[in-house]
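Undergrad: Before I ask anything, let me first share the structure, which is written out below as structure tokens.
The values are calculated or read from the model by the stated rules, or taken from the named source; none is laboratory data. Note that this is a predicted model, so its numbers are computed, not measured. FYI the Cβ positions are ideal-geometry reconstructions off the backbone, even for glycines, and counts take in every protein chain you see.
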Amino acid sequence: MSTPRTLGTGTGTGTGTTGGVATGHAGGHDTRRSRRRPSPQFSVVVVVLAALVAHVGFAGLEQGLRAARGEGTPGVFNVSSITCVQHPGHESCTCNGSFAEAGGGEPRAVYLHAAGRDTCEEGARIPAVDAGASNRVYGPDGSREWLLSSFVLAACLAVVGGVAVNWVRYLRRTGRTR
């Protein structure tokens, strides 16, 4: 049979062991931290912020899905100018112009979403769809904006789920100790 070794004095920093019993944070599990109650105010603020961000993501999801399917008002985009910016390994272009509905109507100034230098040449007339955005229309290839909205919604769900799991763990711990 072996005798427990003393690895520290148990005084001073509070990070050693005395007689085989952990003291402080480094030598064992910090029971004070694991039993601490989650802050209800912080939890509410986090859930409300997640709900507000989810609302924005949900609003963008509907329009993004319509654009991906090519749903909306068909028409023609008339290119007036193109502005491109070089990024490392990528070029981002904004194709400015006007959109006129196929059934007629007054053209309005917008930009063509996700247009590249090869798609957008000054003076070109490109078939486009107005999916409901006030400042942009979508080309014949549609859009993948719905992916960003889906990611935002998933992240909000994960945050709310994390808050819920934290509270469930706390409530289970306090239920066992009573």
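Undergrad: Pick from Arg125, Arg169, Arg136, Arg173: which is surrounded by 11 or more Cβ atoms within 10 Å (Cβ to Cβ), touching a Lys or Arg at 6+ places or on another chain (Cβ under 9 Å) and of a type in the set (D, E, K, R)?
TA: Working: Arg125 fails: touching a Lys or Arg at 6+ places or on another chain (Cβ under 9 Å); Arg169 fails: touching a Lys or Arg at 6+ places or on another chain (Cβ under 9 Å); Arg136 fails: touching a Lys or Arg at 6+ places or on another chain (Cβ under 9 Å).
Just a single option satisfies the conditions, and that option is Arg173.
Undergrad: Just to be sure before I move on: is Cys156 in contact with a strand residue (DSSP E or B) (Cβ under 8 Å, 6 or more places away or on another chain), surrounded by 13 or more Cβ atoms within 10 Å (Cβ to Cβ) and in contact (Cβ under 8 Å) with a residue 12 or more places away in the chain in the structure I sent?
TA: When the stated conditions are applied, Cys156 does not pass them.
Undergrad: In addition: So how many residues does the stretch 108-133 have that are on the phi < 0 side of the Ramachandran plot and within 23 Å of the chain's Cα centre (by Cα)? I'd like the intermediate steps shown before the answer.
TA: Initial filter on the stretch 108-133 (on the phi < 0 side of the Ramachandran plot): 108-113, 115-122, 124-131, 133.
From what is left, the residues that are within 23 Å of the chain's Cα centre (by Cα) are 113, 131, 133.
Qualifying residue count, the stretch 108-133: 3.
Undergrad: Next question, about the same structure. Assuming Ala26 fulfils every condition listed in (1) of a type in the set (A, V, I, L, M, F, W, C); (2) at pLDDT 80 or above; (3) surrounded by 13 or more Cβ atoms within 10 Å (Cβ to Cβ); (4) under 30 Å from Leu171 (Cβ atoms) apart from one, which condition is it?
TA: (2)
Undergrad: Looking at Ala51, is it touching a helix residue (DSSP H, G or I) at 6+ places or on another chain (Cβ under 7 Å) and either part of a strand (DSSP E or B) or not basic (Lys, Arg) (or both)? Before you say what the answer is, go through the steps one by one.
TA: On the way: touching a helix residue (DSSP H, G or I) at 6+ places or on another chain (Cβ under 7 Å): no; either part of a strand (DSSP E or B) or not basic (Lys, Arg) (or both): yes.
So Ala51 does not fit the description; no.
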